[in-house]
Structure formats: C-alpha cells, structure tokens
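This report refers to the structure that appears directly beneath it.
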Amino acid sequence: MQPRSHSPAASDLFDEAFLARLELLQVIARRLFRGRQRAERKTRKSGHGLEFADHRDYSPGDDIRYLDWTVWVRLRHALIRLFEEDEDLPIRIVVDVSDSMLTRGGGKLRYAQQIGAALAYVGLANLDRVGLTCMSRRSHVTLPAVRGKGRIFRVFDFLRSAPVGGATDIRQGCSRVAAQSQQPGLTIVLSDFYDLEGAFEGLNLLRFRRHEPIAIQVLDPVEADPTRTGLRGDVSLLDAEGGIAREVTLSPATLRAYRDAHERFCRQLEQSCRSRGIGYVRANIDIPFDDLILRLFRTGGILR
Amino acid sequence: MIFTGWTLAQLAPWFAIGATAVTGLYLLRMRRRQVEVPFAALWEQVARQSESRKIWRQFRRIFSWLIQIMLLALVGFALLDPKPTTWLHEPTTLAIVIDRSLSMSAVSDTREGERRIDAAKHDAVGWVRTLRSMDRALVIAVGETVAALAPLTSDISVLLDTIDAIEPAFGEADLPRALALAEHAVRDQPGPRIVILTDGAVDPAGAEALTACRTLVTPCEVRQVVGPAQNLAITAFAARRYPFRRDQVEVLTEVSNLGDSRAAVLLDIEAGGVSLGTRRLELDPGERKREVIADLDAARDRITARLLPVSSVDDHLTTDLGPTLDDVAYAVVPPLKPLDVTLVTDRNDLFLEAALLSLDDHIRLQTLAIDRALETPPPPELAEAKLIIFDTGAEPLPRVVPETHVVFFDPWRHESGPCPILKRADVTRPFLTEQLRRHPLLDDVVLKDVNIARGTTLTTEVGDTVLVRSLGEPLAVLREREHATLAIGFDPRQSDFPLRTAFPLFIDNIVRFVEQRSPGFVASAPLGQSQELLLADLGLDPTGVTRIRVLTPGGVAQDTPVERGRFRLQAAIPGVYALTSLDGTSVGTTVDVAVNQADLEASDLHPRFAGTPAEELTVMTPAPPASALGGPLWTVIMLCCATIIALEWGTYHRRLTV
C-alpha cells in the first residue's frame with residue numbers, strides 16, 4: 001500500500017473555527033495556571049534565574065556574587081543563594097498515523113491531529129519548544145522543535161502533509177523519537193495503541209530515556225464496542241493494517257467478547273502506564289477535542 | 001391422514017427440482033462479507049476463544065441445508081393438502097340438491113344483479129367449504145331432469161367445479177324425484193344430511209315434496225333464495241293453416257303476466273328472421289292475454305314468438321320481463337300435404353270426377369277402373385288411398401275394400417256388397433225430406449227438391465250419423481269408426497243432384513271432412529323429460545317405422561326407437577326438433593315439431609309453499625358451520641414454514657439487520 005500523503009479531510013482539519021477554539025483554549029489555560037505557573041517552565045536545578053529558590057553552604061569556588069551577605073552580617077554563616085533556573089520545556093507530540101487510525105473514515109486520526117495541534121498551540125503560546133512526529137511502521141516524519149506562537153501554522157502544515165498509512169508499531173516509533181530527541185522532555189503519544197506487544201514497551205522505552213511520556217489513547221467507541229454496529233453473521237475480517245483475512249461468525253456473544261477484550265486491553269495499558277508514572281488519558285472521538293484538552297489541563301496530567 | 005391436493009406423482013418432480021436447486025446453491029461457496037477492522041489481533045484472540053464451537057460451525061451449513069430441504073418438504077406437504085383423520089370425529093354425508101329450474105334464472109334479492117341460481121350456488125359453495133376430510137357430499141341438480149352431477153366424494157375441488165357448472169334449465173324442478181334420489185344416496189351413509197337450495201317457486205308436487213322433507217328420517221334442510229316475482233312469459237303458441245286458404249296461416253300466442261304489477265311488453269312474431277308482426281300488450285297482474293295474428297304468409301314453416309321490452313312506458317307499468325328463457329316460443333306450420341283420393345268408377349260420372357278435379361290443389365286424385373278394383377290383392381291405388389270413392393254405377397263393387405275412409409254411392413244396387421252399412425229397403429223416387437244441416441258434410445249443401453229415380457234406405461247402428469232421410473228412412477249414413485264410412489243410398493247419375501250447385505260443395509265437404517279426420521298435427525310439444533308422441537300426429541306415416549332420428553335445436557342427432565307408431569321425445573330445450581324416419585314406408589321423410597317451455601307453473605316465480613309448514617324449515621340466512629380449526633391443515637403448515645424462515649433469518653442470516 002502506498003503511503004498516503006494527506007490525512008483524511010486535511011483541508012478541513014484546521015479551519016477558522018478550529019483556530020478560534022485554540023484561542024479560547026489559550027485564554028482558558030492562562031486563567032487556570034495563573035499564579036501557579038509563569039509561562040516559563042521551572043527546573044529543579046539552580047541556576048541564574050531571578051526567583052530565589054534555596055540556600056546552601058558556601059563551598060570554595062562558588063561565585064561570591066551569590067553569597068548572601070545579609071545572613072553573613074547577621075549570623076556570620078556563609079550561605080550561597082540558589083535561584084531557580086528558567087528554561088523552556090521540550091514538548092514532543094507523537095501522532096500515530098498508522099492504518100488502524102484511518103478506519104471508519106479516519107475519525108481517530110483526525111481527532112488525534114486536532115489534539116496534537118491544540119497541545120502544540122498551547123505549548124507554543126507558553127514559549128515552549130514543540131516538536132511533532134508522525135509515525136507508523138512504514139513512515140516516520142518529524143517536525144523539529146519550534147518555538148513561538150507564530151509557528152503554529154508550520155505545525156498545521158506538517159500535520160496536513162505528513163504521510164499516513166502503515167502498520168502500528170509503537171515500540172519502533174517511540175524508539176526513534178527517543179533517539180532523535182537531543183533533550184528529554186514531555187512526549188505526548190497520540191495513538192489507539194492497537195499494538196498488543198509494543199504499545200507499553202514503546203512508552204516505557206521513552207521513560208527509560210528520561211522522557212516524560214504521556215499516552216493519549218484515541219478510541220472510536222463504535223470500534224471499541226462492535227455490538228453497536230449491528231454486525232452479524234458470517235464475515236471475513238480484514239485487518240486494516242494488512243494480513244490474512246479471518247473468517248468468523250459474529251454472534252452477539254462474540255461481539256460482547258470483543259468488547260470485553262478491548263476494554264481489558266485498554267485497562268491493562270492504563271494500569272501499566274500509571275504503575276510506572278506514565279500519564280494515560282483515554283480519548284473517545286465522540287468527545288469534543290477542546291473538552292478533552294481542558295480536562296487534561298484540569299487534571300494536571302500533562303502540564304505542570 | 002388423507003390427501004386431497006396434489007398427487008405424489010405431481011409433486012415428486014417439483015420437489016426434485018427444488019431440492020436440486022437448493023443443494024446446488026449450498027454447494028456453491030457462500031461468499032462472506034468482508035469487514036475491515038482496526039485491531040485484527042484482538043479479534044484473533046476473541047475468535048480463538050470460541051474454538052470450542054468449531055464442530056458446530058462445520059455442521060452449520062449442513063444444518064442450514066437441512067432446514068431448507070425441510071422447508072421444501074413442508075411446502076410439498078402442504079400442496080398435498082393433508083387432512084388428518086384424527087380431526088374427524090363424526091363424518092357427514094351431505095346431499096346438496098340445487099334447484100335449476102327456469103325460475104332460478106330470475107334475479108335474487110341477495111346481491112345486485114345476481115341470479116337466484118348464483119345465490120344458491122354461493123350457498124352451496126359455503127356448504128362444501130365446511131366439509132372436513134372425512135365428510136363426503138354429492139351434488140344433485142334438479143330441473144325437468146334430475147341428475148347427480150358429482151358422486152359422493154370428499155374432493156372439494158370436484159364439488160366446487162360441479163357447482164360452478166350448474167346453470168338454470170327450462171322447465172320445472174322435479175323435486176320429488178330429486179329428494180328420493182338424495183335420500184337414497186345418503187340414507188345408509190354415516191351422518192346423512194340433505195340440503196335443498198331452491199327459490200320455492202315449484203309446482204304443487206314440489207311443494208308437497210318440500211313439506212314431506214320434514215318427515216324424512218334423514219335430516220333435511222330447505223334453504224330458500226328469494227327474489228322479485230315479476231315475470232312475463234309466453235304460455236302458449238301455435239300456428240295453423242286456414243282450411244280453405246292453405247297458403248296462409250294464423251298464429252295464436254298466449255302471453256301471461258305472472259308478476260304482481262301491471263306490465264307492458266312487445267310481442268314480436270318472426271319467421272326466418274323476418275318480422276311478421278309486432279303487438280304491444282299491457283297486462284294486469286295474473287292476466288293471460290291471447291293474441292291472434294291472422295293472414296300470415298305460410299312461405300316459411302317455422303315461426304318464432306318473442307317478448308321484447310318496451311322502450312318507454314308510463315310510470316305505473318313495468319317492463320321487467322323476468323327470466324328470458326320463457327320469453328321465446330316456437331311453432332311449426334303444418335305441412336301442406338295433398339290427400340290421396342282414389343275414385344273407383346265406371347267412367348260414366350263426369351260430374352263427380354269434375355268436382356274432384358276442382359279440388360286438385362289439395363288432393364291427389366287417382367281414378368281406378370272397376371275391373372282393376374276387383375283384383376286380388378287390391379292394387380296400390382286402393383291400398384294407399386286415404387279416401388276411396390266408389391261410384392261404380394251398375395257395376396258390382398269389390399268384395400273387400402281396404403281399411404281407409406270410403407264413400408259409397410248407391411252401395412246396394414246389387415244384392416251383395418262390401419259396404420258395412422247394410423241395406424234396409426229399396427225405394428223408388430225417394431224424397432229427401434230431412435237433412436242434418438249442422439253436419440260438416442252438409443255445410444252449404446241443400447238437398448231439398450233433389451229428384452232421385454231410385455235408391456236404397458239403410459240400416460243404422462249405434463253411433464251412426466244419419467245425414468239424409470227420406471220420409472224418416474235413412475238414405476245417407478255416416479259411420480265413424482277407426483275410419484269413416486259414408487254410404488249414400490242413391491246413384492247421382494240417377495238424380496239431378498250433380499246438376500245442382502250443392503253437388504261440388506258436397507264433394508268438397510267430404511274431402512275436407514276426411515282431411516280433418518286424417519292424422520292431426522301437433523303444432524308444439526311441451527318441454528319435458530320424456531313424453532310419448534304419435535308419429536301419425538306429427539304427419540309422419542308410421543307404417544313400418546321402427547326408428548327415427550331426432551335432431552335437436554342444438555344440432556345433436558339421436559336415434560329413437562318407435563313402437564306401434566309411438567316414440568318418446570326427450571326435449572330438454574325449446575326449439576324446433578326435426579324427426580326423420582329411418583325405415584318404413586316413410587323412410588327419409590322429415591317432419592318438424594316445435595317444443596316450447598309454455599309452462600305456467602315453471603314461469604311463475606312466486607314461492608309455492610309460503611305459509612305452509614315447509615316454510616318453517618326454511619332458514620333464510622344461516623351461516624354455514626365453521627371449521628373446527630378455522631382453516632385447512634395446509635395453512636398451518638405454511639404458517640410453520642413462514643415461522644421457520646423468520647427464525648432462520650433472525651438467527652442465522654440476519655440480513656435484515658446488516
């Protein structure tokens with residue numbers, strides 16, 4: 001199968017209405033994090049920032065400009081003032097563009113792209129460096145990290161023009177993302193994670209590489225619960241990502257069994273992620289993406 | 001279990017074709033619908049869990065094929081129309097007697113334009129449809145003839161076809177015979193029952209039969225169809241030649257208004273498609289009007305009378321003619337056949353011969369010399385003559401005369417003679433003092449002052465008619481036995497009688513009298529199952545005839561035996577029947593006889609048993625008893641088939657939901 005150069009309905013993906021909703025998201029995000037975050041990301045290491053963080057004992061060789069002379073005068077104890085160092089946060093948004101994201105009209109991919117774009121917009125608006133990657137087993141394209149709100153259109157163009165198609169391979173994709181990243185950071189993986197073996201391994205690999213991975217599992221409720229399709233009888237199931245067809249007889253029991261198995265798979269993924277401190281969010285495409293973004297902000301699962 | 005539908009021989013090829021088609025379709029690989037799924041690996045897991053039903057899946061197609069074959073078998077079973085014997089507890093043997101007399105062709109009150117026979121058939125169909133598998137029925141149609149059209153059978157289709165074919169016929173219903181036949185047919189059968197479907201317009205014998213129906217051992221029910229009784233009918237129709245203008249005829253038609261309101265009608269007489277005359281008649285209820293249309297040309301020998309509706313009438317008059325079967329009648333004009341007259345003469349009486357020759361248009365005269373008349377056996381001129389006139393003068397008469405009409409002039413000139421009217425005494429110059437002027441032989445004849453030289457008075461017997469007397473003594477005597485014998489006790493040549501005008505009139509009266517005594521002519525015969533007719537009455541010489549061929553108006557020829565000049569005519573439809581003698585002296589001769597409905601009782605549409613106990617038996621609108629299951633078994637089978645198909649679609653194919 002040849003890679004498709006454009007995602008489904010790429011021209012309507014980031015229209016004026018979408019941009020308007022992004023602006024709204026930015027305003028809401030600022031209100032939510034006011035007083036708690038100052039737009040810049042703070043690191044725990046001391047540096048040359050402006051905000052006082054702590055004291056430590058003077059050691060020979062320390063820059064005496066940071067000696068707290070007030071304490072010295074009062075207590076005759078040499079302390080060095082430590083300041084929080086301000087640095088930008090590298091955000092890598094990884095979008096799964098495999099064929100499994102393209103089923104049922106590509107609703108999952110479109111939803112993932114919109115979430116990715118929204119997150120990128122919020123990140124760019126907060127002066128973070130935001131990079132994007134579209135991955136599948138067949139293709140792996142990367143938008144180098146950009147900074148500044150004005151770069152959002154490059155994000156849009158990248159998402160529009162990225163080739164889609166191919167099998168799902170979370171492990172390979174995450175591995176390449178980790179290898180390409182010069183600086184560990186927040187890595188948001190948007191995928192359906194329909195990869196029995198490699199879904200969690202890929203996320204765990206990012207964690208090993210000192211990334212902070214967050215898994216956003218984009219799901220189509222109808223695919224998750226095929227009893228809603230009314231599908232019955234003898235059918236030949238074709239994997240959207242290739243492979244031999246399997247002839248099955250779909251009975252209500254079979255459909256319920258798939259629904260339960262799917263739910264178990266998702267919960268197992270969630271449990272695995274949470275047990276290792278990996279953020280996990282389940283995103284059903286029937287929920288408006290902006291609602292999802294706000295929920296992510298509220299729960300603090302993504303941005304600190 | 002009995003089967004009343006298709007036979008196995010009929011069903012087998014269709015079942016084979018269907019089973020082959022079903023099997024062929026199942027042998028073809030069923031193409032599965034392809035469904036694209038995003039997570040086939042998970043589907044693989046789920047499918048692997050249901051491997052325990054693998055054996056079932058392998059047999060599923062075979063099971064589905066068996067279901068289809070079973071459905072096919074069920075449909076075939078339904079086509080056999082099975083009827084379990086266990087459903088039948090008390091079989092019924094039903095005799096359905098349907099009146100198909102003329103009155104049943106009238107309209108009924110049940111439905112618009114429906115005939116009484118149709119209403120009766122509808123009711124009969126209702127009875128037949130209530131039959132269960134063990135019930136049997138027969139259908140008896142009763143008109144002038146009684147016929148069991150369908151034998152005792154449980155085959156509903158046969159019964160329905162038989163009922164459907166019943167149409168009204170001419171004549172009155174012979175209900176007594178029909179009831180006897182019905183009772184005889186079902187009396188010894190299980191659950192006997194008789195249903196009579198009639199309009200009640202029957203003859204007195206039929207009404208009595210309906211009354212007696214209640215007393216039968218076999219349960220009997222009379223079901224009546226009713227309708228308006230208005231009817232106009234031709235109840236008599238005849239044509240005759242004028243005796244003295246034999247080329248012209250007159251027609252007598254009797255039209256009866258059998259309805260309950262005053263009616264107007266057109267009476268049309270036609271012959272050979274040409275209308276001879278039309279009369280407009282107005283008749284009060286119950287009135288019978290006789291119309292004579294005179295002076296008609298007798299060029300055609302078949303005349304038809306029809307009743308036609310009047311186009312415009314007053315409001316108080318009805319133009320409803322009722323059933324059309326009695327609105328037409330036929331008549332045959334008597335054939336013009338000359339009378340064979342043989343004159344045995346000494347050839348000296350030219351006056352007598354001249355008088356006979358003047359009647360040449362309707363007699364065939366043969367003169368025979370006296371010496372030939374004395375031959376033994378008698379010559380054909382004597383043997384075949386219808387009238388023999390002996391005028392031998394002084395010559396002796398033969399000792400034996402043939403059995404025919406004979407006129408003797410002066411039979412006792414000699415002491416012996418063959419004349420059966422015996423001599424009393426010889427008289428000289430007798431005076432004709434008395435004559436029987438009212439006798440046809442003496443119409444317009446006056447014998448007063450006839451001078452006679454000599455004569456012979458005659459003796460008479462009981463029954464003889466004395467035409468002329470001389471001072472009280474019979475001088476001319478007529479003896480009517482099988483044949484007429486007229487003895488005139490004087491010789492015309494010894495009188496001035498031949499010189500008088502009365503003489504040729506007297507001779508003509510003799511010929512006319514004999515003609516009228518000749519075998520008569522039946523202008524029309526009534527419609528009926530079988531009636532005895534005389535060939536001689538139809539103008540056919542019966543001598544030696546043993547068979548005749550009867551050609552009906554419908555074109556059907558049938559040979560009928562003749563015994564002693566009599567035969568039985570079976571006339572089922574009105575019209576002109578042609579009778580052809582197949583042997584005997586008249587071999588090849590054909591005569592016509594008209595047969596007419598002309599039955600006042602048959603045309604009367606009023607119920608005869610209104611107010612009689614028979615009416616108590618009549619149930620006007622009873623519903624036939626309902627079937628125990630509300631329908632035959634095949635409907636239940638087809639319902640099962642539909643249920644199986646629905647279940648299969650709902651559980652296996654589910655094509656409606658995909």
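So if I check each of A:62, A:86, which one is surrounded by fewer than 20 Cβ atoms within 10 Å (Cβ to Cβ) and either modelled with pLDDT of 90 or more or farther than 30 Å from residue A:144 by Cβ (or both)?
On the way: A:86 fails: either modelled with pLDDT of 90 or more or farther than 30 Å from residue A:144 by Cβ (or both).
That would be A:62, the only listed residue that is surrounded by fewer than 20 Cβ atoms within 10 Å (Cβ to Cβ) and either modelled with pLDDT of 90 or more or farther than 30 Å from residue A:144 by Cβ (or both).
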(request) Kindly indicate whether residue A:146 is in a strand (DSSP E or B), surrounded by fewer than 22 Cβ atoms within 10 Å (Cβ to Cβ) and either touching a helix residue (DSSP H, G or I) at 6+ places or on another chain (Cβ under 7 Å) or in contact (Cβ under 8 Å) with a residue 24 or more places away in the chain (or both). (result) yes
(request) Would you check which residues across region B:261-275 are free of Cβ contacts under 8 Å to residues at least 40 places away in the same chain and farther than 14 Å from residue B:329 by Cβ and list them? (result) B:272, B:273, B:274, B:275
(request) Name every residue in region B:272-283 that is farther than 13 Å from residue B:293 by Cα and at pLDDT below 85, in order of residue number. (result) B:272, B:273, B:274
(request) Report yes if some residue within region B:486-506 is among the acidic types (Asp, Glu) and closer than 30 Å to residue B:241 by Cβ; otherwise report no. (result) no
(message) Suppose the filter is among the aliphatic types (A, V, I, L, M), within 13 Å of another protein chain (Cβ to nearest Cβ) and either touching a helix residue (DSSP H, G or I) at 6+ places or on another chain (Cβ under 9 Å) or crowded, with 19+ Cβ neighbours inside 10 Å (or both); does residue A:240 pass it?
(response) yes
(request) Select, from B:537, B:583, the only residue that is loosely packed, with under 15 Cβ neighbours inside 10 Å, among the charged types (D, E, K, R) and without any contact (Cβ under 8 Å) to a residue 40 or more places away in the chain. (result) B:583
(message) Given the options A:302, A:293, A:214, name the one that is more than 14 Å from every other protein chain (Cβ to nearest Cβ), modelled with pLDDT under 80 and in contact with a Gly (Cβ under 8 Å, 6 or more places away or on another chain).
(response) A:302
(request) Filter region A:194-211 down to the residues that are aliphatic (A, V, I, L, M) and touching a Leu at 6+ places or on another chain (Cβ under 8 Å), then identify the one that is farthest from the other protein chains (Cβ to nearest Cβ). (result) A:199
(message) Scan region B:197-211 and tell me whether some residue there is surrounded by fewer than 22 Cβ atoms within 10 Å (Cβ to Cβ), touching a Leu at 6+ places or on another chain (Cβ under 6 Å) and either of a type in the set (Val, Ile, Thr) or in contact (Cβ under 8 Å) with a residue 24 or more places away in the chain (or both).
(response) no
(request) Kindly indicate the residue of region B:91-105 that is of a type outside the set (Val, Ile, Thr) and under 26 Å from residue B:7 (Cα atoms) and also modelled with the lowest pLDDT among those meeting that condition. (result) B:91
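Conditions (1) touching a residue at least 60 places away in the same chain (Cβ under 8 Å); (2) of a type in the set (Asp, Glu), marked per residue:
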{"residue": "B:556", "(1), (2)": "no, no"}
{"residue": "B:561", "(1), (2)": "no, no"}
{"residue": "B:565", "(1), (2)": "no, no"}
{"residue": "B:568", "(1), (2)": "no, no"}
{"residue": "B:573", "(1), (2)": "yes, no"}
{"residue": "B:590", "(1), (2)": "no, no"}
{"residue": "B:596", "(1), (2)": "yes, no"}
{"residue": "B:599", "(1), (2)": "yes, yes"}
{"residue": "B:602", "(1), (2)": "yes, no"}
(message) Just to be sure before I move on: is residue A:168 under 16 Å from residue A:134 (Cα atoms), touching a residue at least 24 places away in the same chain (Cβ under 8 Å) and either over 15 Å from the mean Cα position of the chain (by Cα) or facing another protein chain (nearest Cβ under 8 Å) (or both) in the structure I sent?
(response) yes
(request) Tell me which of these residue B:230 doesn't satisfy, since it passes every other one: (1) out of contact with any Gly (no Cβ under 9 Å at 6 or more places or on another chain); (2) surrounded by 16 or more Cβ atoms within 10 Å (Cβ to Cβ); (3) in a loop (DSSP other than H, G, I, E, B). (result) (1)
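So which of B:450, B:446, B:462, B:407 is part of a loop (DSSP other than H, G, I, E, B) and under 46 Å from the mean Cα position of the chain (by Cα)?
On inspection, the qualifying residue turns out to be B:462.
Conditions (1) modelled with pLDDT under 80; (2) of a type outside the set (S, T, N, Q); (3) out of contact with any Ser or Thr (no Cβ under 7 Å at 6 or more places or on another chain), marked per residue:
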position: B:7; (1), (2), (3): no, no, yes
position: B:27; (1), (2), (3): yes, yes, yes
position: B:30; (1), (2), (3): yes, yes, yes
position: B:41; (1), (2), (3): no, yes, yes
position: B:50; (1), (2), (3): yes, no, no
position: B:57; (1), (2), (3): yes, yes, no
position: B:74; (1), (2), (3): no, yes, yes
position: B:78; (1), (2), (3): no, yes, yes
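Rundown of residues vs (1) surrounded by 13 or more Cβ atoms within 10 Å (Cβ to Cβ); (2) more than 39 Å from the chain's Cα centre (by Cα); (3) at pLDDT below 85; (4) over 20 Å from residue B:484 (Cα atoms), yes/no style:
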site	(1), (2), (3), (4)
B:340	yes, no, no, no
B:349	yes, yes, yes, yes
B:355	yes, yes, no, yes
B:365	yes, yes, no, no
B:374	yes, yes, yes, yes
B:379	yes, yes, no, yes
B:387	yes, no, no, no
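Go through region B:109-129 and give me each residue that's at negative phi, surrounded by fewer than 18 Cβ atoms within 10 Å (Cβ to Cβ) and of a type outside the set (Lys, Arg). Explain how you work it out, then say what you get.
At the first step, the residues of region B:109-129 found to be at negative phi are B:109-112, B:114-129.
From what's left, surrounded by fewer than 18 Cβ atoms within 10 Å (Cβ to Cβ): B:109-112, B:114, B:122, B:125-126, B:129.
If the condition is that a residue be at negative phi, surrounded by fewer than 18 Cβ atoms within 10 Å (Cβ to Cβ) and of a type outside the set (Lys, Arg), then B:109, B:110, B:112, B:114, B:122, B:125, B:126 are the ones that fit.
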(message) Step by step: first the residues of region B:389-423, then only those that are buried (at least 18 other Cβ atoms within 10 Å of the Cβ) and aliphatic (A, V, I, L, M), then the one that is farthest from residue B:489 (Cα to Cα). Which residue is that?
(response) B:401
(request) Can you work out which of the residues in region A:259-289 that are touching a strand residue (DSSP E or B) at 6+ places or on another chain (Cβ under 9 Å), within 14 Å of chain B (Cβ to nearest Cβ) and under 21 Å from residue B:36 (Cβ atoms) is surrounded by the most Cβ atoms within 10 Å (Cβ to Cβ)? (result) A:285
(message) Can you list the strands (runs of 3 or more DSSP E) lying wholly within region B:130-218 that have 1 or more residues being modelled with pLDDT of 85 or more, among the small types (Gly, Ala, Ser) and farther than 27 Å from residue B:570 by Cβ?
(response) B:136-142
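Report, by residue number, each residue of region A:91-105 that is over 11 Å from residue A:188 (Cβ atoms) and either within 19 Å of the chain's Cα centre (by Cα) or within 11 Å of chain B (Cβ to nearest Cβ) (or both).
A:96, A:97, A:98, A:99, A:100, A:101, A:102, A:103, A:104 - these are the residues of region A:91-105 that are over 11 Å from residue A:188 (Cβ atoms) and either within 19 Å of the chain's Cα centre (by Cα) or within 11 Å of chain B (Cβ to nearest Cβ) (or both).
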(request) Please verify whether region B:143-157 includes one or more residues that are assigned by TED's automatic domain parsing to the domain that holds residue B:120, buried (at least 24 other Cβ atoms within 10 Å of the Cβ) and touching a helix residue (DSSP H, G or I) at 6+ places or on another chain (Cβ under 7 Å). (result) no
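The values are calculated or read from the model by the stated rules, or taken from the named source; none is laboratory data. Everything quoted here is computed from the prediction, not taken from an experiment. Counting neighbours? That spans all protein chains shown, and the Cβs are built from the backbone with ideal geometry, glycine included.
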